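These notes are about the structure you will find just below.
The values are calculated or read from the model by the stated rules, or taken from the named source; none is laboratory data. Just so it is clear, the model here is predicted, and its values are computed rather than measured. Glycine gets a Cβ as well: all are built from the backbone with ideal geometry, and neighbour counts include every protein chain shown. The protein model used for the area step is the full one, side chains on, heavy atoms only, and it has no ligands, DNA or RNA in it. Shrake-Rupley method; radii C 1.70, N 1.55, O 1.52, S 1.80 Å.
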Amino acid sequence: MLRALKIFSFLLSVISFGYFFRETIKQNSIHLSYFKLLENTTFKTSKQITIQMKYVIFQESPRTTSSNTGTTNSEQITQDDIATEGDGIPTLSATSKLLNTESLIYNNVNLSYILRLGNGIIFLETGNRTPSSLVLCAIESAARVYHDRPVVFFINGLSEINSADDKDSAQRRIQILSSFPNMYIFPLKLEEVFKDTPLLPWYERINSTLQLHWPHITADGCRLALIWKYGGIYMDTDIISIRSIPENNFLAAQFSQDSSNGIFGLSPHHNFTWSGMEDFVKNYNGAIWGHQGPQLFTRVLKKFCDIPKFTAVEDVNCGNISFLHPQRFYPISYPNWRRYFQTWDKFPTFNDSYALHLWNKMNKEHRTMVPGSNTLVEHLYQQHCPTTYGALRRNESNIL
């Protein structure tokens, strides 16, 4: 009798868990629709599977759960894993690793959860442009170098993913990036980004149509607000990562005592980012390019300390912030930006650098990486964003 009661109790527990699991899924109709798609789809190509899996991960859910939260698979996808079929679609070797992120599907994944550890890599697109090959290379290189950290790309003009048309439109913009399990994409919503910061009152009263450099100004504000809230590393979309940055709280020197804002890393709620947002509002001048950007970073840094001068290729400290030598990110300075698009007798090793800024704003000639050109930029693509390079080499215009 006792044995029968134990068996009955066990069966009741199983049934109760099954009911709870079914009801949990019902609470999120988007996730449920994907379960149905995966159950009923004939796997004609791995492209279908990739799209279905990744858009569950990309979407910011309106609700959060406090338990049974999933974790991102930190295993890096190598170039061999991203073997492609004739049309450039990742084959099942890559898709099988995407399937290893299935724990994310069972939960409402949101931005705060993804960036909860304060170690994310953040990119922004504040214009309304389709990502160029350089943008894709920059983000891919970061996803590879920081394979155990979330890489988040905020895109202005990326509408909410609520329908099949929305998915198709977004997929055309980010198809290459879907190969990486630590990659996440969100719409850029300025009011949400600026909420609970000194920037929101400024944003609510500013007339954006009168601002000469509006996309750059909003990008300058967003990077401060996002790093204030979530911490991690911000990177411009023309920076190619080549090795991980060993510092947590750092700014990057563009010249001897001038800071850039193209790449920096700070912990959540760091006083530098808050001071930066206050300076942004107090000293706002939209007519001067960079006034809210590199010039602001230099102004605020000088409040923290008398910026030391560099001796040799060594970093310096300013309070609790490391001020990194220009060689770390700018071994080729902006007046010489064309050197990236030239051939070299011997390619530089960049042993003193963590990443390379390609100065895309200077590129008024619209130079691009050309496969087979034997230029420095081609060499960098081959080494650090091979998936993007492979798509360009195959002339996949439908992707790029």
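If you take the residues in segment 303-356 that are in a helix (DSSP H, G or I) and without any contact (Cβ under 8 Å) to a residue 12 or more places away in the chain, which one is farthest from W274 (Cα to Cα)? The qualifying residue farthest from W274 (Cα to Cα) is N336. In segment 171-192, the residue that is modelled with the lowest pLDDT out of those that are surrounded by fewer than 23 Cβ atoms within 10 Å (Cβ to Cβ) and of a type in the set (A, V, I, L, M, F, W, C) is I174.
Scanning segment 172-193 for residues that are without any contact (Cβ under 8 Å) to a residue 24 or more places away in the chain and part of a loop (DSSP other than H, G, I, E, B) returns a single hit, K189.
Would you check if there is a residue in segment 132-143 being of a type outside the set (D, E, K, R), modelled with pLDDT under 90 and part of a loop (DSSP other than H, G, I, E, B)? So that I can check it myself, show each step before the final result.
Our first condition is that a residue be of a type outside the set (D, E, K, R); within segment 132-143, this holds for 132-139, 141-143.
Going one step further and asking which of them are modelled with pLDDT under 90, we end up with 132.
Of the ones still in play, those that are also part of a loop (DSSP other than H, G, I, E, B) are 132.
Within segment 132-143 (the criterion being of a type outside the set (D, E, K, R), modelled with pLDDT under 90 and part of a loop (DSSP other than H, G, I, E, B)), the answer is yes, since at least one residue qualifies.
Checking each residue in segment 374-400 for being within 22 Å of P331 (Cα to Cα) and open to solvent by 20 Å² or more (accessible area, probe 1.4 Å) picks out N374, H379, Q382, Q383, H384.
Among the residues making up segment 327-356, those that are open to solvent by 20 Å² or more (accessible area, probe 1.4 Å) and closer than 21 Å to S259 by Cα are Q327, R328, P331, S333, Y334, P335, N336, F350, D352, Y354.
Kindly indicate whether any position in segment 356-364 is in contact with a helix residue (DSSP H, G or I) (Cβ under 6 Å, 6 or more places away or on another chain), modelled with pLDDT of 95 or more and on the phi > 0 side of the Ramachandran plot. For segment 356-364, residues in contact with a helix residue (DSSP H, G or I) (Cβ under 6 Å, 6 or more places away or on another chain), modelled with pLDDT of 95 or more and on the phi > 0 side of the Ramachandran plot: present. Any residue in segment 213-229 that is hydrophobic (A, V, I, L, M, F, W, C), farther than 25 Å from Y330 by Cβ and more than 25 Å from the chain's Cα centre (by Cα)? No, segment 213-229 contains no residue that is hydrophobic (A, V, I, L, M, F, W, C), farther than 25 Å from Y330 by Cβ and more than 25 Å from the chain's Cα centre (by Cα). Within segment 265-274, is even one residue modelled with pLDDT of 95 or more and under 23 Å from E140 (Cβ atoms)? Yes: segment 265-274 contains one or more residues that are modelled with pLDDT of 95 or more and under 23 Å from E140 (Cβ atoms).
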